[in-house]
1. Is it fair to say Ala340 is under 27 Å from Tyr137 (Cβ atoms), assigned to a helix (DSSP H, G or I) and among the aliphatic types (A, V, I, L, M)?
2. Give me the residue from region 39-93 that is surrounded by 21 or more Cβ atoms within 10 Å (Cβ to Cβ) and outside any helix (DSSP H, G or I) and, out of that set, modelled with the highest pLDDT.
3. Do we find that Gly257 is loosely packed, with under 13 Cβ neighbours inside 10 Å, on the phi > 0 side of the Ramachandran plot and not charged (D, E, K, R) in this structure?
4. Can you tell me which of Val305, Val211 is closer than 24 Å to Leu354 by Cα, in a loop (DSSP other than H, G, I, E, B) and modelled with pLDDT under 90?
5. When you go through Arg262, Arg216 one by one, which is the residue that is buried (at least 18 other Cβ atoms within 10 Å of the Cβ) and either under 30 Å from Trp73 (Cβ atoms) or not aromatic (Phe, Trp, Tyr) (or both)?
6. Can you tell me which residue in region 468-495 is modelled with the lowest pLDDT, limited to those that are over 38 Å from the mean Cα position of the chain (by Cα) and among the hydrophobic types (A, V, I, L, M, F, W, C)?
7. Need pairs with beta-carbon distance below 7 Å; first residue within 14 Å of Cys108 (Cβ to Cβ) and within region 160-176, second among the aromatic types (Phe, Trp, Tyr) and buried (at least 16 other Cβ atoms within 10 Å of the Cβ); sequence gap 6+ or separate chains.
8. Cβ-Cβ distance below 6 Å, separation of 6 or more or different chains: which pairs start in region 256-274 with a residue that is under 16 Å from Asp337 (Cβ atoms) and end on one that is modelled with pLDDT under 90 and of a type outside the set (Gly, Ala, Ser)?
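The values are calculated or read from the model by the stated rules, or taken from the named source; none is laboratory data. Keep in mind that what you see is a predicted model, and the values were worked out from it rather than measured. Cβ sites come from the backbone with ideal geometry, for glycine too, and all protein chains shown count toward neighbours.
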Amino acid sequence: MGSIHHNANDPEPILGIVRARRLVQALTAQPLTARQVLVFYLLALGLYALPLILNNVLFIDDNLREMQAATWWRTEGRVLGDYLFNAVSFTPGTPDFFPLSMLLAIGCMAVALTHLAHHWFKRPLFSQCLILLPLWYNPFFLQELSYQYECLTLSLGVALVILAMSLEMRRAWLQVLARAVLLAAALSLDQLPLNVYVGLVCVDVLRQGTVAPTWRGLVKVPSNALATLLLGGMLYYLSAYQLLTDDRGGVILPNLGQWQARIALLAAHVGLFITPANGLIFAGLAGCALAGWLITVRVALRSPVGAGLKVGYLCLTCAATAGVVLAVGGLLLFLFDMAANAEARVLVGVAPLLVALLLLAHRFIQALRPGWTLLLVLPLATFLSFAYVYGQYMRQKNELELFVRTLVVADLFNHEALASAKGIYVMEDSNNDINNVFARVCVQRMLPALRYIAVNDYQFLPEQLTKWGVANMAGDAPAQVPELGEPLVKRPFYAIYRAGEYGYIRFAARQLGPPCPSLR
């Protein structure tokens, strides 16, 4: 066969370049309709949640909730979550109806993001719609989305606070009242959306930095937010808060040393997502965001307004910047036992920080070259890729847990001494990070955030065996355990003992597969 030669005058490569330029121009210069924005968010949010929907795995607390069709959220001041599940399931209880809960969560968030996109950008471009995606494309939010119950309540709570800071009405008092009701409803579903609300208000302040400041514009967003917070907090206090009995150890006002330690702990957790492979992307994003922030400051300094207004604007901009950073921890910073409650799912405040970074980076890149704003896809692509790795990680974790649970249940049923025991305890000190399937351990080296988000520090939960018919499961072992002696059953993964009237399950660490290859 003869070789194929391209004619220098062949129009195909030129047409390809022209089409590519037209596509970039359409994505960065042509406004989207409300329907197009909604469809975009529905598809983008669904794509991110697809691994969780396909896995369909009960996550930690979901096991007991699903077995008893009860949540006990009212004792945590989240009674609206119970009512929501009653209404959707048409039952007096709270049965599990996943994946409907996830589909409803996607729908609620898509509507809220569409509303926010038109509130902030009026006629949003595709590149501007990307800015809001971290409100769902938050890697730490994956842990919350893994809960088949709370994926709906927290997502709806976040959607409500988005509306609470973007809803507009002609009458100011009616707008504040409506926003306060939305905020109180969000808190009655879950208190964590308050962090998102505070963070988004701070982002809203930074968003307005492209025009010359005025005193009216300067105080509008903070004053409306403060009024909404006070009235919404009062409504929540007078309603759902009255049922709260579980305060997670209470709250404190940290001193300077505690502030430093708590912020350092948050930074360490958030920093787990940054790796040598994606570090360059986020360094570039931070650099562009800093340049965008400087553009915001320059607009104020060069505007023909008085010095007092310039100083006030700069102070408000700096306060908003600090506020969006502190909103990462939010309520967590004030808990007495912060370390025990610093789970990945409480870091929903990372989302407004990511939105702020994308917003400021978009401002800088658009001033530099509008077509390059599509580069904002890169950090979002890292979040999407992580979601799919997380999905595979959780699938492998569930497979090993299922395998070990099957062995344990068979041993408990096949040994009379164990089947007749008054209770079976799980040794809590051994029920930790033993799920060392080599593929997961190796990927943990590449993505350290996986271990933090997936909570793989247990083999299985006692209630998972109860659901399989082990009626004498007694939960975690008490602090004082008698001498156990020789095990009745000894397996590579665990040993089961009988001491007196009780049985005890002790797990053993085991590495499966060959060692991980070098990452160099």
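1. Working: under 27 Å from Tyr137 (Cβ atoms): no; assigned to a helix (DSSP H, G or I): yes; among the aliphatic types (A, V, I, L, M): yes.
Against the criterion (under 27 Å from Tyr137 (Cβ atoms), assigned to a helix (DSSP H, G or I) and among the aliphatic types (A, V, I, L, M)), Ala340 does not qualify.
2. Only one residue fits best here, namely Arg78.
3. Details: loosely packed, with under 13 Cβ neighbours inside 10 Å: yes; on the phi > 0 side of the Ramachandran plot: no; not charged (D, E, K, R): yes.
In short, no.
4. On the way: Val305 fails: closer than 24 Å to Leu354 by Cα.
Val211 is the lone residue from the list that is closer than 24 Å to Leu354 by Cα, in a loop (DSSP other than H, G, I, E, B) and modelled with pLDDT under 90.
5. Numbers: Arg216 fails: buried (at least 18 other Cβ atoms within 10 Å of the Cβ).
Residue meeting the stated conditions: Arg262.
6. Top of the filtered list is Val481.
7. Final answer for the pair search is Val161/Tyr197; Ala164/Tyr197.
8. Pairs that qualify, where the first residue is under 16 Å from Asp337 (Cβ atoms) and the partner is modelled with pLDDT under 90 and of a type outside the set (Gly, Ala, Ser), are Arg262/Leu333; Arg262/Met338.
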